[in-house]
Amino acid sequence: MCQMYVFGGGNSFYWDRACQAGTFGSHAEGGEDMSGMHRHRMKHKRSMIQLLSAVLLNGYMIGFRNGKIYTGKAKAVCVPVLNCYSCPGALGACPVGALQAAVGGGKGHVPFYVLGILMLFGVVLGRVVCGFLCPFGFVQDLLYKIPVPKLHVPKKIDRPARYLKYVVLLAAVILLPVSAAAKTGAAVPYFCKYICPAGTLGGALPLMGADPVLRDLTGTLFDWKLFVLAVVLILSMLISRPFCRYLCPLGAFYALFNRFSFFQMQLDQTKCTGCGACERVCPMEVEVTRNINSAECIRCGKCKGACPTGAISSGFGNKEGTSEPGNEASGKKERRIPE
């Protein structure tokens, strides 16, 4: 028996569709809330993948104890996420730092290796990398779980601000290092030096914690980086993934591939009731029913777990729907439930 409280309104049309779908998360007599269980499993699975990724990428544990960074052969391998080269545990190279060093080398060489790695992950996964593999994204997710009042950024501020990450990518990661190299012959990693909070958290603080000499050498620049980190961490408790939304140049790069990457999200319009549950749980506030493969989508799967009718799917080879959400196969437009 389907429960009317699901929509809280008594709209029998949507209620009947949800009952027929059998995946609405409603309670059958003597049954369990299967939708809630599914969401819990997905959430737990993603968290475990994020934790595993962070551990594997920073597996040189002795580095944290000794305050020394790993310098073995694996350090020549460029990882696909924002993970500071100077982190004592880092086993690979950060792609943003490597890209800055390459374009600022002053020799006019195109960094095919770094771009190739990033484009490979971008074409295959898109921003799945952000949602499942990035350690700093995981840190932001954990901070947002802290039970403090949350902030909602108005769209008129939020939407334009999201273009800042593209400015950071173009200016701080590419143009400024190239310009500095042309003038001085030395590559200056502007993003890593002046902005990157992941480098401060994963690199500077652990190294200084293990080496008192480094603590004595800190100055104004470190104070600035500490301030940037503090702002990002505080905002992460109030806003879901603020760094990913507004500042991450790697997220900006992968966003360029989201629309046509092999891994895609799909919305089945014949199942969508327009209830808006997917959009309410989205950490990036994507308009799922209008643009499910938005450049802002990090493919975390929360919308998929929240959908009461199973209208959302994801995977390789999925084709994005083109008709309006809530349309039947006949093409007739359905009335959406008021929020």
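Against the list (1) surrounded by fewer than 15 Cβ atoms within 10 Å (Cβ to Cβ); (2) farther than 16 Å from residue 235 by Cα; (3) modelled with pLDDT of 95 or more, the condition residue 185 fails is (3). Restricting segment 80-137 to residues that are among the β-branched types (Val, Ile, Thr) and in contact (Cβ under 8 Å) with a residue 40 or more places away in the chain, the residue that is farthest from residue 236 (Cα to Cα) is 103.
So for segment 96-108 (the condition being small (Gly, Ala, Ser), surrounded by 19 or more Cβ atoms within 10 Å (Cβ to Cβ) and outside any helix (DSSP H, G or I)), does at least one residue qualify? Yes, segment 96-108 contains at least one residue that is small (Gly, Ala, Ser), surrounded by 19 or more Cβ atoms within 10 Å (Cβ to Cβ) and outside any helix (DSSP H, G or I). When 145, 165 are checked against the criterion of being within 23 Å of residue 202 (Cα to Cα), at pLDDT 95 or above and out of contact with any helix residue (DSSP H, G or I) (no Cβ under 8 Å at 6 or more places or on another chain), a single residue qualifies: 145. Considering only segment 146-166, I want to know if a residue exists there that is part of a loop (DSSP other than H, G, I, E, B) and closer than 30 Å to residue 65 by Cα. Yes: segment 146-166 contains one or more residues that are part of a loop (DSSP other than H, G, I, E, B) and closer than 30 Å to residue 65 by Cα. The C-beta contact set for segment 200-213 (first residue farther than 13 Å from residue 135 by Cβ, second residue modelled with pLDDT under 95 and among the β-branched types (Val, Ile, Thr), distance under 8 angstrom, 6+ apart or interchain) comprises 207/69; 208/218. You will find that of 222, 257, the residue that is of a type in the set (Phe, Trp, Tyr), in a helix (DSSP H, G or I) and in contact (Cβ under 8 Å) with a residue 12 or more places away in the chain is 222 and no other.
Kindly indicate whether any position in segment 49-56 is part of a loop (DSSP other than H, G, I, E, B), out of contact with any strand residue (DSSP E or B) (no Cβ under 7 Å at 6 or more places or on another chain), surrounded by 13 or more Cβ atoms within 10 Å (Cβ to Cβ) and at pLDDT 55 or above. Full working, then the answer.
Step one: filter segment 49-56 for residues part of a loop (DSSP other than H, G, I, E, B), giving none.
No, because not a single residue in segment 49-56 is part of a loop (DSSP other than H, G, I, E, B), out of contact with any strand residue (DSSP E or B) (no Cβ under 7 Å at 6 or more places or on another chain), surrounded by 13 or more Cβ atoms within 10 Å (Cβ to Cβ) and at pLDDT 55 or above.
Of all residues in segment 274-299 being aliphatic (A, V, I, L, M) and not in a loop (DSSP other than H, G, I, E, B), which is nearest to the chain's Cα centre (by Cα)? Of everything passing the filter in segment 274-299, 281 is nearest to the chain's Cα centre (by Cα).
When 123, 129 are screened for being of a type in the set (Val, Ile, Thr), in a helix (DSSP H, G or I) and over 16 Å from residue 296 (Cβ atoms), only 123 passes.
The values are calculated or read from the model by the stated rules, or taken from the named source; none is laboratory data. Since this is a predicted model, take the numbers as computed values, not measurements. FYI the Cβ positions are ideal-geometry reconstructions off the backbone, even for glycines, and counts take in every protein chain you see.
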